[in-house]
Amino acid sequence: MNPTLIEGTSETAPLRAGARTTYYLPVETASKTFGTTYFLISTLLASIIPIIELAIGLSYKGQCPIDQRIPTYMIVAGICGLALVGLSVLLALTFMCFISDSTALTIFASCGICLNIFVTVLISVFVFIWFILGCVWVFSVHSTVQFNDINKPNYCQPVLYKWTFALLIITIVWAFLQCCLSCFRQCCTGRST
């Protein structure tokens, strides 16, 4: 099974004329997930939550004596969420533009994808930990927070606290729905091929 020498050159011929290139990155599978309009639209819809978090956190910074970490949670969560949305859009566009035919993975696209995935994983781990901390900070004061007397130590600005509480719940529900939809799409796509 040694390659044969091509006459007049020092190069060797391929073992098989129709040899298929094998990629270490499963381009077809990844492209079906990240290179779809569905992924791009759901990512852009998901950007609504971090925009609201950032706007509310900045608007009511310093107006929650019961726990000043609540507005800080909203600001950091909003910034990290928008960073993840930006990275996801970049990933989707990379798969849609550079790898649309799934036959070749350019060095630029592969380096960009690897860097994007690495940064996304780092930010996602941080956001997951930050989300748990936010749940602890918000849910732990739920029974003692009051919204009427601004001079009491258990006061929190009502818009800030109620939106933070609601967005934590919405984020939990959104993540659950996205997991279910992704699993459903993967099962339906797997059966049709």
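Read the figures in this text as sums done on the coordinates, not as results from a lab. Since the model is a prediction, treat every value here as computed from it, not as a measurement. Every residue, glycine as well, gets a Cβ built from its backbone with ideal geometry; the counts of neighbours run over all protein chains shown.
Assorted remarks:
- For Tyr155, residues with placed amide H under 5 Å, excluding near neighbours: Ile66, Gln146
- Which of Trp174, Leu90, Ile129, positive extreme of dipole for the range 27-192 (C-beta unit charges): Trp174
- About the centre of its Cα atoms, the range 27-192 shows a dipole size close to 180 debye [charges on the beta carbon of Lys, Arg (+1) and Asp, Glu (-1) only; nearest 20 debye].
- Point-to-point label distance, Leu90-Ile170, nm (Cα→Cβ direction, 7 Å offset): 2.6 nm
- Taking N as its residue count, the alpha carbon Rg of the range 27-192 over 2.2 N^0.38 Å: 1.25
- With R₀ set to 35 Å, the beta-carbon distance separating Ile132 from Ile107 gives a calculated FRET efficiency near 0.40.
- With a simple spin-label model that places each label point 7 Å from the Cα along the Cα-to-Cβ direction, the separation between Cys179 and Ile150 comes to 4.2 nm.
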